[in-house]
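Below: the structure, in structure tokens.
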Amino acid sequence: MKIHQLSLFLENKPGRLSEPCQALASEGINILTLSLADTQQFGILRIIVRDWEKARDVLSKMGCVVNITEVVATEVEDRPGGLAEILKVIEAGGINIEYMYAFTFRYGDKAVLVFRFNDPDAALKVLQAKGINVIGPVELYERMRS
């Protein structure tokens, strides 16, 4: 189960981050999670929203460069070593992690991580074969309501 993530390239100047956030808010689009990486000249804002197509259209109309990528969300035991166990599974499967970040919510005793893999389909097979719960968009959005 892959999730669509929007990546925006933003100039690294004051106010540039608030513009897309305000545009989404004006259209009633809630950001479920985000990650921001920067360099001296630009930043990459990665966001997950429920209606990614509407968000893409809103942001594109305001002049943002928007790239859509597929990411995978998994549960991880929220305890020391929980992440290390999932990383072992991924490494044993020969899957490369391009980047990752976490959701700001927990579900019971589990945390939720977002991974961008070089091969998301292969990663899904490896994770599911080892019994790791991969969270699809519908389940993820339902959890956000809880």
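Looking only at residues of region 1-32 that are assigned to a helix (DSSP H, G or I) and of a type in the set (G, A, S), we find that the one that is surrounded by the most Cβ atoms within 10 Å (Cβ to Cβ) is A23. Within the set A102, A73, the sole residue that is among the aliphatic types (A, V, I, L, M), modelled with pLDDT under 90 and under 22 Å from Q128 (Cβ atoms) turns out to be A102.
The values are calculated or read from the model by the stated rules, or taken from the named source; none is laboratory data. Since we're looking at a predicted model, the values are computed, not measured. Note that each Cβ is placed from the backbone with ideal geometry, even for glycine, and that neighbours are counted across all protein chains shown.
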